[in-house]
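First up is the structure itself, then whatever we jot down about it.
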Amino acid sequence: MTDNFTISSITSTTIDAHLTDLANLLKVNVEGGASVSFILPFSQDQAAAFWVDKIKPSLQAVNCILLVAMVDNELAGCVMLDYDMPANQPHRADIAKLLVHPKFRRRGIARALMVEIEQQAIEQKRSTLVLDTANKGAEILYESLGYQPVGSIPNFGLNAQNLQLEPTTIMYKLL
């Protein structure tokens, strides 16, 4: 099943208008077990604080790009490109927070977000993209897009739901 969806950028001046939806998206993913830096219990206020305290300043400093996918004026997903890199890595960026709302999954949204964020990386003159994932399904998606696994780090972080240590897989793609 495919939906008609649009992908657009969120800026430091437009993030507030999407804050509730972004917080909901993050919260539902964490509650679903996504390993995206948070553990349960995870409140709506904590989710909103992440976007306001961590991402909005990066958007203001023009250190990252936040893309969202919309289906019928509803936030379906997001992805970020963090290109605030050290002086010796002006060619590199990190992919982060690829999130799709559970009711919009399996519709090509994650793939479309990744394709668009890669285009944004090219426009930022970034040729090496790096990401990490603890999700085997996401790993399959990334590999289908040309990302290469570097390896797995055991005991990397806590699982959001059961607080057990879990590994993460580091991946990269040369554009």
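The values are calculated or read from the model by the stated rules, or taken from the named source; none is laboratory data. Fair warning: this is a prediction, and the values are worked out from it, not measured in the lab. Note that each Cβ is placed from the backbone with ideal geometry, even for glycine, and that neighbours are counted across all protein chains shown. Surface accessibility is based on the protein's heavy atoms, side chains included, excluding ligands, DNA and RNA. Shrake-Rupley method; radii C 1.70, N 1.55, O 1.52, S 1.80 Å.
Determine which member of the set LYS97, LYS103 is charged (D, E, K, R), open to solvent by 30 Å² or more (accessible area, probe 1.4 Å) and assigned to a helix (DSSP H, G or I).
None of the other options fit; the residue is LYS103.
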With the condition kept exactly as written, say whether any residue in the range 59-82 is open to solvent by 60 Å² or more (accessible area, probe 1.4 Å) and under 30 Å from LEU163 (Cα atoms).
no
If the requirement is being of a type outside the set (Phe, Trp, Tyr) and under 25 Å from ASN24 (Cα atoms), which of these qualifies: ALA121, ALA112, ALA87?
ALA112
Determine whether LYS103 is within 24 Å of MET70 (Cα to Cα), of a type outside the set (Gly, Ala, Ser) and out of contact with any helix residue (DSSP H, G or I) (no Cβ under 7 Å at 6 or more places or on another chain).
yes
Run down ARG126, ARG107 and say which single residue is closer than 27 Å to THR20 by Cα and among the basic types (Lys, Arg).
ARG107
Do you know which residues across the range 9-19 are open to solvent by 20 Å² or more (accessible area, probe 1.4 Å) and over 14 Å from the mean Cα position of the chain (by Cα)?
THR11, SER12, THR13, THR14, ASP16, ALA17, HIS18, LEU19
Scanning the range 30-58 for residues that are at pLDDT 95 or above and small (Gly, Ala, Ser), which turns out farthest from GLN161 (Cα to Cα)?
SER58
When only residues in the range 20-47 that are more than 18 Å from ALA96 (Cβ to Cβ) and not acidic (Asp, Glu) count, which is surrounded by the fewest Cβ atoms within 10 Å (Cβ to Cβ)?
PRO41
Within the range 79-101, can you find the residues that are under 10 Å from the mean Cα position of the chain (by Cα) and farther than 15 Å from GLU118 by Cβ?
LYS97, LEU99, VAL100
